[in-house]
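What follows is a set of notes on a single structure, which appears directly below.
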Amino acid sequence: MQKALKFNDIAVANCPADPICHCNRSWTLGLLGRHEESLEECEIAISLDPNYAMAWNNKAHDLCRLGEPE
């Protein structure tokens, strides 16, 4: 997973305005158990595209993992 995160970091660095890159990074962070960081990436993705359903899905997943469902 660490290798995947490095690739996600590169993607975000090269395409910071792409919500998909932030969402993919969010998913990887979540798989690593880093849910607070994952939520930050979700928020960025959502701010870039409020209609991007996968970002909302990732956010809900992280909130549940943190015991904070909205």
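Bear in mind that the values in this text are calculations on the coordinates, not laboratory data. Here the structure is a predicted model, which means the values were calculated and not measured.
Using the Karplus equation 6.51 cos²θ - 1.76 cosθ + 1.60 (θ = phi - 60°), what ³J(HN,Hα) coupling, rounded to whole Hz, does each residue of the stretch 34-41 give in order, writing x for Gly and Pro?
9, 5, 5, 5, 4, 4, 4, 5
For Ala11 and Asn51, compute 0.36 nm times the residue count separating them, minus their Cα-Cα distance, and round to one decimal in nm.
12.3 nm
If you split all Cα-Cα distances of the chain into 10 Å bins from zero, what percentages do you get per bin, shortest first?
Taking every Cα pair in the chain, the percentages come to 26, 54, 19, 1.
Which cross-chain or sequence-distant (5 or more) residues have an amide H under 5 Å from the amide H of Asp18, H modelled 1.01 Å from N in plane?
Amide H neighbours of Asp18: none.
Tell me, what ³J(HN,Hα) does each residue in the stretch 16-21 have, in order and in whole Hz, if you take phi through Karplus 6.51 cos²θ - 1.76 cosθ + 1.60 with θ = phi - 60° and put x for Gly and Pro?
For the stretch 16-21, the Karplus-derived couplings read x, 9, 9, x, 5, 4 Hz, x marking Gly and Pro.
With θ taken as phi - 60° and the coefficients 6.51, -1.76 and 1.60, list the Karplus ³J(HN,Hα) couplings across the stretch 55-60 in order, rounded to whole Hz; mark glycine and proline as x.
5, 5, 4, 4, 4, 4
Highest GNM mean-square fluctuation, the chain, Cα pairs closer than 10 Å: which of Ala11, Ala55, Ala45?
Ala11
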